[in-house]
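Here's the structure we're looking at; comments come further down.
The values are calculated or read from the model by the stated rules, or taken from the named source; none is laboratory data. If you're wondering where the values come from, they're calculated on a predicted model, not measured in any experiment. Glycine gets a Cβ as well: all are built from the backbone with ideal geometry, and neighbour counts include every protein chain shown. We work out accessible area using only protein heavy atoms, side chains counted, and drop any ligands, DNA or RNA first. Shrake-Rupley method; radii C 1.70, N 1.55, O 1.52, S 1.80 Å.
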Amino acid sequence: MESAKYVSQKISKTRWRPVSYSSLQQPDIFATGSWDNEENKVSVWSIGNLGSSGLEDGFEGDPQLICEQKHDGDVLDLQFLDQERVVTVSSTGAVTIFRQAPNSQTMSICKHWARAHRYPSDNAPSTGVACNSPEIVTVGEDGRIIVFRADQEGVVRVIENADSSTLHAVTYLRTTEVLTVNSIGQLKLWDLRQQSNSPSQILSLSRDRVPLYCVDRHPNQQHIVATGGQDGMLCVWDVRQGNMPFSLMEAHSAEMWEVHFHPTNPDHLFTCSEDGSLLHWETSSPSEMPSFLQGGRNSNMTSRSAMAPAGGNQSIISAWLHGDSSKSRLETTHMLPSQTLSVNSLDVLGQCLVCGTDGEAIFVNRQVPV
Amino acid sequence: MEEVDVEPTVTNIPEIRHGKHMGFAWGPGDILVYETHFKPSGYTLSGPGGSFIHKVRKDEDINSPILRKLFNESHHIFVGLQTINDDLPSKSKRPQFISISRNYRSVIRACMEELQQVAVSTRDTEKGTQYGNQVSILLAIELIWNLCEVLFIDAAPAGSLLLHLLDWVRLHKADVDEKAKDVLQSDSPAEHHNYWDVVVSYVLQGRLEEARQMLVKQATLQPASRNMYKLMDSLLSKMPFYNPGGTQTLTEFDVKWRNWHEEVDRYLKDNTFASNRHLELICKILVGDEDTLLEQKELLSTWYHFLVTRLLYSHPTVKPTDLHYYAQSCLTMFLDSRSVQEPLDSILLAAFEFDIYLVIKDCSIVLNNWWFVAHLTDLLDHCKLLQSHNLNFGSNMREFLLLEYASGLFTHHSLWQCAVDYFDHCPELGRACLELQIERVPLDTERKALKVLRICEERQMSEQVRSICKIMAMRALRNNRLGSALSWSIRAKDAAFATLISERFLQDYCAKGTFSDLDLIDNLGPAMLLSDRLTFLGKYREFHKLYGEKRFKEAAKLLLSLMTAKIAPQSFWMTLLTDALPLLEQKEVIFSADQTYELMYCLEELTSSLDTAASGGERPMQEEDVEQTKVELLRLSLARNLAMAIIKEGTVET
């Protein structure tokens, strides 16, 4: 069950602090970044998870502020680098690493690259960051891709003019490959081992080039990615299979800001949008074989014939790619109690979900059915 | 012009030197003030003028982080209220309205508690006083709102009215419970110095059960007066309270109450409690003796408590319409010559008189922020309690207040998004106000621009959409982000801008010989159709690709169609024809005879138009020479090609 916690700042990003896989703990600490304030902040909150709770509702788990730190410019993306450090990218084009020592109540700036993204005569906001400790990749409105290392002072590599439009999000596909999405509806694959400044692959929709704002990779199958964009459609792609998305699903009535596969249970997907809703998508396959799912748009699009699975190994093919409709279902549920202002960000880990809205509220749900 | 009820407050601008004249300009929620050079005669103040512009803001609350929660939560409740179904008659919606009113009040209370905690824990004395002030304002607001809920929204009839008023007073006099806790936790409660204060307070608030429980403790200590205490206990237990849900009518209750009242009066006249002054006091209170009640000023602390207690013990069946007589007289009696009537008192008095407009007007003057009056008026309007009280400029009061509140919110760097919903629910002027305000939201990042655009698109404000997209596109163009610029012009369906961008690309090509941003041009997709120039750009790039792939026949066909279908602008034809040269010079015949004729035709068209253009102006000799050479080369190639084509087409394969 959720209750809203009003925090007097519009939340642009929220992320759970990673928990070590060895312990079976539920996450209890998350970080948020604010935007559109005269003084923006990065804050760390705790929901004080009791180990085994017989409690129904989470009123005791109201998020408590542990510490916060001023941030110059809007926090446009935020990722945890490791248990102690958080990377943020700002609307001033700066990239900053904050550190919060464990069990301490303070946060400090550990590294700061000012104006990493810039125009010749102006600031360029940086819009996305992806981490693969100690490597950090950022993208921005200036169309640059910049690679940093957390332990080095300078910039490791800059891909100039990687895109003629704004790059909105970036994610790692493999340790040496990243995927970016941009304002003209293209997904670009970049191989960081190569020195060239052009992408190794470009994918896009053959119809309207709708701007894409978010991308996430399937946790187990690195060739499956999901994207969302201006028209609120959820697209699932197979990057090996070329130029078309495999599934297009009508999800929201306005821009989709974030899409996340559940990290340990990838049959579950979460999306949030400007229209104030947060959807939980769940595929289920009735029989032993993890089967196909009908993609295509909800009603009228004719489903394509089932593609021959690559390598002939059917059991690996994800349930998200489309195929025979009779074998599985897709369920969608709204997770927020009522319509709110835009839900800007969400994160899910274990059984816990946190999201932040433009109504200056944070919702935490500790019993997500996964 | 109405007279001003309160003195205007004076604010000193610290940086402006004494004696200097100030200039000012009004803004949406504040004033900009600056120092001028004006020297009135007689002054010899010299030195450079101040170089600052000062912003004077009236409403500080909007920047308080704790009060911000109030604005956000109430926005949520407001939107929920607007969507209540209008089909049902007002009567059956009353429970819903009451629960919404309670929601608002609980939000106020939550804020108040948080402010109280911060006020107590802060070490900065100035901030502490500021928080303290805010807490007392919120207390007053909640008091007024609660009274309005009882009198206007709940609109209880005689009988239940008093019960609700009792609840109201009890809610706002929390110190009784604290005192009682102190007393009960002491070793010997009956001997605590506050003991009798607590008992009397309970009686004054009509909490007779609790009073009886307290009295029992005293009774055990004084076995000699046991009978007196037993009598008092029975009197207290017999006092009738009206039960709205029961079968007893108001008249029956009235009769019962009068009987009980006479009984108490008899005991008083018989001096039954004369030996114990405390019990005598309680008896006098029970009988409703005004002078005794007035003596308890300390415990009552406010005139409205006095009012409710007096009504409880002398006129429990008071009708709503008679309330104001008692209210006025209680106020006068309670305030002696020393204390002055505060604004809060006049507002409460206006409420007791059921003068909603006066309540709203006084609140608007006293409070520095439209939040309270806007939300309260909106709720009352939904309860259909306000007749359309037309103001001079045609909109009704609810809309006026909501517009004022929302305009104030819009000036806030962050809360403007909430304000949009308020404008939506002002049917007459809301849309116009929103159109004006939304264009002035500063757009630092693309993400913010996208949100503003979504707001405009949902409300079909196409002018604003175009204007915002143009701003973002121009900014992108200035920073040489052609892809971004194009995506903005696609969103606005702005063909003119798309043409501008394509011109830029083509200029770049002519200057450098290659295309920049190939990823964009190669992947234009259906967007190509937005503007002719853009289509040309896409097709021209396709021509280059075909040429690169050595698909010459198709490339040639495309090139020709670009000119004959008039997709290419004439200024570019020379370049296209020059591109055709290598195709003409190939060993293999690529252009057919017909195609060659068409090319020739294009060339003639081009040269004739160039001639007419050239005859007017002056062109440097060199340029003319170059042009002339190009044309001659072309003519030669075309002729040769024509010859080969005719031969090829005329040859019969054997």
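List of remarks:
- Within the protein assembly as shown: Cβ-based charge dipole about Cα centre, in debye rounded to nearest 20 (Lys, Arg +1; Asp, Glu -1): 1500 debye
- Accessible area in square angstrom per residue, the protein assembly as shown, 1.4 angstrom probe: 47 Å²
- Chain B, accessible surface, carbon-and-sulfur percent (1.4 angstrom probe): 53 percent
- Toward the positive end of the charge dipole of chain B, with +1 on the Cβ of Lys and Arg and -1 on the Cβ of Asp and Glu, the farthest Cα among B:His18, B:Pro343, B:Leu482 is that of B:Leu482.
- Accessible area in the full protein assembly, largest first, 1.4 Å probe, for B:Asp362, B:Asp424: B:Asp424, B:Asp362
- For B:Gln464, net neighbour charge (Lys/Arg +1, Asp/Glu -1) across residues whose Cβ lies under 10 Å away: -2
- Put a dot 7 Å past the Cα of A:Gln194, heading toward its Cβ, do the same for B:Glu463, and the two dots end up 5.1 nm apart.
- Contact order normalised by residue count of the stretch B:80-205, Cα under 8 Å, 6+ apart, percent: 18 percent
- Relative to the Cα centre, the charge distribution of chain B, modelled as +1 at Lys and Arg Cβ and -1 at Asp and Glu Cβ, gives a dipole magnitude of about 980 debye.
- Solvent-accessible surface (1.4 Å probe) assigned to A:Asp275 amounts to roughly 30 Å².
- Computed with a 1.4 Å probe on the full set of protein chains, the accessible area for B:Phe38 sits at about 120 Å².
- Only Lys, Arg (+1) and Asp, Glu (-1) charged, at Cβ; the stretch A:178-224 dipole about Cα centre in debye: 60 debye
- Considering only A:Cys67, A:Ile109, B:Leu293, and ranking their Cα positions along the charge dipole of the protein assembly as shown that arises from unit charges at the beta-carbon of Lys, Arg, Asp and Glu, the one farthest toward the positive end is A:Ile109.
- For a paramagnetic label modelled on A:Tyr21 (point 7 Å from Cα along Cα→Cβ), amide N atoms under 11 Å away belong, within the stretch A:207-228, to A:220.
- Note on chain B: dipole from Cβ charges, positive end direction compared against B:Leu429, B:Pro320, B:Pro95; the farthest Cα belongs to B:Pro95.
- Area hidden from solvent between A and B (accessible, protein heavy atoms only, 1.4 Å, total, Å²): 3700 Å²
- Remark: the B:Thr36-B:Lys55 segment gains 5.3 nm on full extension, using 0.36 nm per residue and subtracting the alpha carbon distance.
- Heavy-atom accessible area order for B:His278, A:His334, largest first, 1.4 Å probe: A:His334, B:His278
- Shape call, the protein assembly as shown: gyration tensor on alpha carbons, a/c limit 1.5: prolate
- Paramagnetic reach from B:Ser346 (point 7 Å along Cα→Cβ, amide N under 20 Å) across the stretch B:308-340: B:324-340
- For chain B, the relative contact order comes to 8 percent (Cα pairs under 8 Å, sequence separation of at least 6).
- If R0 equals 35 Å, the separation of the Cβ atoms of A:Asn103 and B:Gln116 corresponds to a calculated FRET efficiency of about 0.70.
- When A:Arg174, B:Arg440 are compared by accessible surface with a 1.4 Å probe, the order from highest to lowest is B:Arg440, A:Arg174.
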